[in-house]
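A quick write-up on the structure given underneath.
The values are calculated or read from the model by the stated rules, or taken from the named source; none is laboratory data. Because the structure is a prediction, the values reported are computed rather than measured. Note that we place each Cβ from the backbone using ideal geometry, even for glycine, and neighbour counts take in every protein chain shown.
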Amino acid sequence: MVNRKKLPTLALLAAALLPLISASACGGDRGVLAFAAASLRDALTALGRDYESEGGARVSFNLGGSVALSQQLRRGSPGDLFISAGAGPMDALERAGLLAPGSRTALLTNRLAVVVPTGAEDRGGSLSETLAGSQRVVIADPSLSPAGRYAEEALRALGLWDAIQPKLVFGGDARAALAYVESRSVDAGVVYVTDALHSDGARIAHEIPAGSHAPIVYPAAVLKDSPRREAALRFLAFLQQEAAQAHFRAGGFGTPESSRP
């Protein structure tokens with residue numbers, strides 16, 4: 001069994017608060033409430049403002065690990081739209097009959113990278129050498145986040161899992177894992193490329209080979225019982241328009257080849 005080490009750092013506190021990030025939207029006309037993977041925070045926050053400025057409904061976000069968000073929705077948390085960083089959490093909602101028929105679509109793709117703290121000595125070497133030379137390596141918790149599952153899959157495929165497992169530290173989601181690297185609480189981490197590209201405290205040392213893990217696809221769907229279903233469908237359509245897709249691409253995301261994840 002993996003030893004889930006915990007570090008008493010400010011980064012851990014910040015990580016714990018990430019899933020609580022959302023705009024204050026309560027009351028009768030709360031606008032559209034989107035549950036979304038933490039790795040989408042920057043892009044969605046900006047696009048939500050653009051959408052509202054163009055006359056669309058107000059959009060607020062509950063951001064966190066996709067598995068945890070899916071569990072919240074299955075337990076009855078109110079929401080209008082779900083964007084997951086992986087098919088599994090969305091599949092669970094679909095099996096439970098909680099998705100609006102025909103609304104599920106593949107919105108984005110992503111990649112994985114090994115990151116180290118900014119300013120850390122560049123020792124060169126291969127991906128495996130970087131990880132082998134690290135005393136602590138962080139990934140998102142595979143039980144809570146698709147990012148962690150992709151990371152574990154990649155490390156196993158590359159033959160590195162057994163050697164790295166004793167020094168693994170787990171973050172609650174992809175952004176929490178990155179926070180450990182930024183605070184220098186660990187020597188290296190495996191995170192999404194999109195998160196690393198916008199970090200001042202971490203830099204990409206190696207990209208993880210895409211063939212070492214399943215394609216990272218972000219499915220999106222409207223919730224069947226949403227009281228704002230039409231408004232949620234309009235916002236989802238907005239996210240699929242070229243202007244919004246260009247914004248995602250500028251942040252390092254890719255566009256899936258098919259519309260069904």
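Summary of values
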read-out: Output for region 160-172, where each listed residue is of a type outside the set (Phe, Trp, Tyr) and in contact (Cβ under 8 Å) with a residue 24 or more places away in the chain; value: Leu160, Ala163, Ile164, Gln165, Pro166, Lys167, Leu168, Val169, Gly171, Gly172
read-out: The listed residue being assigned by TED's automatic domain parsing to the domain that holds Arg95 and either in contact with a Gly (Cβ under 6 Å, 6 or more places away or on another chain) or assigned to a helix (DSSP H, G or I) (or both), out of Ala237, Ala221; value: Ala237
read-out: Region 125-150, subset surrounded by fewer than 19 Cβ atoms within 10 Å (Cβ to Cβ) and within 22 Å of the chain's Cα centre (by Cα), residue modelled with the lowest pLDDT; value: Ser143
read-out: The one condition in (1) under 19 Å from the mean Cα position of the chain (by Cα); (2) of a type in the set (Asp, Glu); (3) outside any helix (DSSP H, G or I) that Asp122 fails to fulfil; value: (1)
read-out: Qualifying residue in region 69-90 (condition: part of a strand (DSSP E or B) and closer than 21 Å to His198 by Cβ); value: yes
read-out: Leading residue by the ranking (surrounded by the most Cβ atoms within 10 Å (Cβ to Cβ)) among those in region 165-214 that are more than 15 Å from Arg149 (Cα to Cα) and acidic (Asp, Glu); value: Asp195
read-out: Residue within region 54-64 that is in a helix (DSSP H, G or I) and surrounded by fewer than 24 Cβ atoms within 10 Å (Cβ to Cβ) present; value: no
read-out: Count - residues of region 177-216 that are more than 12 Å from Val115 (Cβ to Cβ), among the hydrophobic types (A, V, I, L, M, F, W, C) and touching a Phe, Trp or Tyr at 6+ places or on another chain (Cβ under 9 Å); value: 2
read-out: Among the candidates Arg249, Arg175, residue that is under 19 Å from Ala85 (Cβ atoms) and without any contact (Cβ under 8 Å) to a residue 40 or more places away in the chain; value: Arg249
read-out: First in region 74-101 and surrounded by fewer than 22 Cβ atoms within 10 Å (Cβ to Cβ), second anywhere and modelled with pLDDT of 95 or more and among the hydroxyl-bearing types (Ser, Thr, Tyr), Cβ under 6 Å, 6 or more apart; value: Ala92/Ser70
read-out: Residues satisfying the stated conditions in region 99-152, i.e. closer than 30 Å to Ala246 by Cβ and of a type in the set (D, E, K, R); value: Arg104, Arg111, Arg149
